[in-house]
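The values are calculated or read from the model by the stated rules, or taken from the named source; none is laboratory data. Please read all numbers here as calculations on a predicted model, not as lab measurements. Here the Cβ positions follow ideal geometry from the backbone for every residue, glycine too, while neighbour counts run over all protein chains shown.
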Amino acid sequence: MKLAVIEGDGVGKEVIPAALQVLDCFDLSLEKIPLNLGYGKWEKTGQAITDADLKILKECDCILFGAVTTPADPNYKSVLLTIRRELDLYANIRPLKPIKGIKGATGNSDFDILVVRENTEGLYSSIEQVVENEAWSKRIITRRASERIAQIACEYAAKRHNHLTIVHKSNVIKADSLFLNTCREVAQSHNVIHDAMLVDAMAYDMVRSPEKYDVVVAPNLYGDILSDLGGALVGSLGLLPSANVGEKQAFFEPVHGSAPDIAGRGIANPIAAVLSVALLLDWLDKPEQARIVREAVEASINENIKTADLGGNSTTAQVTEFLVQYVQSHS
Ligand code: NAD
Ligand code: IPM
Ligand code: MN
């Protein structure tokens with residue numbers, strides 16, 4: 001198995017080395033291929049990701065990714081969107097699961113939501129134009145992409161509480177009715193109990209009653225926004241992992257970005273990246289190892305070894321050291 005490792009920019013350079021230390025506790029036959037991509041590379045070379053990088057990524061089985069900075073430059077080609085699209089990693093799986101001992105922004109820790117975000121189209125089509133007084137971005141919804149994201153969402157629902165919530169805004173955006181209707185058809189054919197929520201009401205209700213939700217399927221941008229909202233529900237963006245999944249490959253990354261406000265200070269929370277390693281271990285069919293990693297995270301909270309975003313004063317290195325020791329002594 002070949003694992004590409006991309007630290008990226010900002011806190012990506014801090015949390016990926018931490019996550020790798022945890023991964024390296026296990027004896028897995030993974031060939032690691034480090035790749036330098038992102039804003040830093042763009043500043044030096046004018047390209048954030050090259051065709052040669054993409055060729056290497058296409059030959060890998062899986063990717064562990066930190067975060068990249070995206071400048072507001074119209075000539076900048078987003079590394080993330082390029083990888084997701086070129087590798088056709090169509091499903092962005094984002095678990096919103098409280099960690100024992102951490103109270104999120106609402107104090108409610110009685111929920112377990114799986115956001116399944118469509119990852120290839122919607123407002124992320126990159127078909128857009130900015131001229132002096134008018135700008136537009138084409139929002140694409142296709143039956144094929146809606147069908148396959150609904151299918152994978154239903155497969156997850158069947159393994160959980162068999163409940164799918166379809167997020168849309170078809171009262172205003174007509175393209176969303178294709179997403180909604182297609183997801184409904186797929187849910188019906190899978191015998192998954194399903195309902196639908198307008199995205200604005202969904203944001204409201206996820207804060208008030210997150211326990212009502214099981215699997216949530218959403219077009220690209222709604223899934224992006226609702227997953228950051230989930231970061232606040234769980235307690236910090238520094239806790240949320242994700243998997244971008246395709247037919248053969250998968251790409252694991254924290255939900256958060258390069259966090260320039262805290263980068264370089266050694267205080268970034270490594271847990272989102274470490275839990276992304278747990279998702280990688282699940283994908284590699286190593287459930288026992290994934291369980292130990294999650295248990296280590298819980299133990300670190302229990303021992304009050306927490307970074308500043310969780311109200312603690314431990315550094316990235318201290319949290320990582322605890323996790324590594326825990327994993328080593330339990331595997
Ligand atoms: P961000 O996710 O980087 O940060 C949002 C907030 O969360 C900040 O207060 C930050 O300090 C905090 N945070 C994030 N990660 C944390 C961690 N590990 N530990 C503790 N606190 C953490 O979002 P932003 O500031 O809007 O974006 C910064 C840059 O990152 C932008 O250029 C954006 O385009 C990019 N971005 C990249 C990704 C990615 O690579 N996956 C995701 C989101 C944003
Ligand atoms: C995410 C990020 C990315 C997105 C950006 C950085 C392109 O916010 O992974 O959630 O919008 O998908
Ligand atoms: Mn996001």
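Considering only residues that are within 16 Å of ligand 2 (Cβ to nearest atom) and assigned to a loop (DSSP other than H, G, I, E, B), which ones fall in the range 226-241? Steps first, please.
So in the range 226-241, the residues within 16 Å of ligand 2 (Cβ to nearest atom) come out as 226-234, 236-241.
The answer is S236, L240.
Inside the range 236-257, can you point out the residues that are within 12 Å of ligand 1 (Cβ to nearest atom) and surrounded by fewer than 22 Cβ atoms within 10 Å (Cβ to Cβ)? Correct list: L237, G257.
Scanning the range 242-267 for residues that are touching a residue at least 12 places away in the same chain (Cβ under 8 Å), at negative phi and more than 16 Å from ligand 2 (Cβ to nearest atom) yields E247, K248, Q249, I262, I267. When the criteria are applied in full, K58 fails the requirement of being surrounded by fewer than 22 Cβ atoms within 10 Å (Cβ to Cβ), over 16 Å from the mean Cα position of the chain (by Cα), within 30 Å of V324 (Cα to Cα) and more than 16 Å from ligand 3 (Cβ to nearest atom). Scanning the range 88-111 for residues that are within 18 Å of A273 (Cβ to Cβ), free of Cβ contacts under 8 Å to residues at least 40 places away in the same chain and outside any helix (DSSP H, G or I) turns up nothing.
Within the option set A4, A48, A52, being within 19 Å of S78 (Cα to Cα) and either surrounded by fewer than 15 Cβ atoms within 10 Å (Cβ to Cβ) or not assigned by TED's automatic domain parsing to the domain that holds V327 (or both) holds for one residue only, A52. Within the range 117-150, the set of residues being crowded, with 17+ Cβ neighbours inside 10 Å and farther than 30 Å from Y76 by Cβ comprises just one member, A150.
For P98, all conditions in the list (1) more than 16 Å from ligand 3 (Cβ to nearest atom); (2) surrounded by fewer than 16 Cβ atoms within 10 Å (Cβ to Cβ) hold save one; what is the number of the exception? It is condition (2) that P98 fails.
For first residues located in the range 195-206 and under 18 Å from I173 (Cβ atoms), partners that are among the polar types (S, T, N, Q) and lie 6+ apart or on another chain with Cβ distances below 9 Å form the pairs A196/T165; A196/S170; M197/T165; L198/S170; L198/N171; M202/T165.
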